[in-house]
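The values are calculated or read from the model by the stated rules, or taken from the named source; none is laboratory data. This structure is a prediction, so every number in the text was calculated from the model and none was measured. A quick note on method: Cβ atoms are made from the backbone with ideal geometry, for glycine too, and the neighbour counts reach across all protein chains shown. The protein model used for the area step is the full one, side chains on, heavy atoms only, and it has no ligands, DNA or RNA in it. Shrake-Rupley method; radii C 1.70, N 1.55, O 1.52, S 1.80 Å.
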Amino acid sequence: MKKKEDTPNRIIKRRYEDKHKAERKATNGTFSTYLPRSELEEINAFLKEHEITKVELIRQGYNSLKRQIEQGQKE
């Protein structure tokens, strides 16, 4: 892939990104996972229709599963 032409703005952004790369990696993480294409498209369409971000989906799903497990252990 060919790099875009250097402009003063791009140079500034690259310098900023290089300077803060370690900080970003220390504070953020990612889920690297694969889904069947049909399921992925269905989820993406649902999220777009309801204006929900993937981060919101993950957080809400996590909180919901956590509550279910905690309630199941109490019973």
* Exposed loop chymotrypsin sites (Phe, Trp or Tyr not before Pro) only (DSSP loop, at most 14 other Cβ atoms within 10 Å): please give the longest stretch of the chain free of them, not including the sites. => 35-75
* Asked: Given just the C-alpha atoms of the chain, how large is their convex hull per residue in cubic angstrom?
  -> 187 Å³
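Ignoring everything except DSSP H segments at least 4 long, calculate the 222 nm mean residue ellipticity for the chain; use -39,500 (n - 2.57) per segment, divide by total residues, nearest 500. Intermediate values should be presented prior to the final figure.
Values: 3 runs with 54 residues, N = 75.
Helices in the chain give a 222 nm mean residue ellipticity of -24500 deg cm²/dmol.
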* Order of exposure, largest accessible area first, which applies to Ser32, Ser64 with probe 1.4 Å -> Ser32, Ser64
* To do: Among the aspartates and glutamates, select those whose C-alpha is under 17 Å from the C-alpha of Lys25, and discard any that sit fewer than 8 residues away in the same chain.
  => Glu17
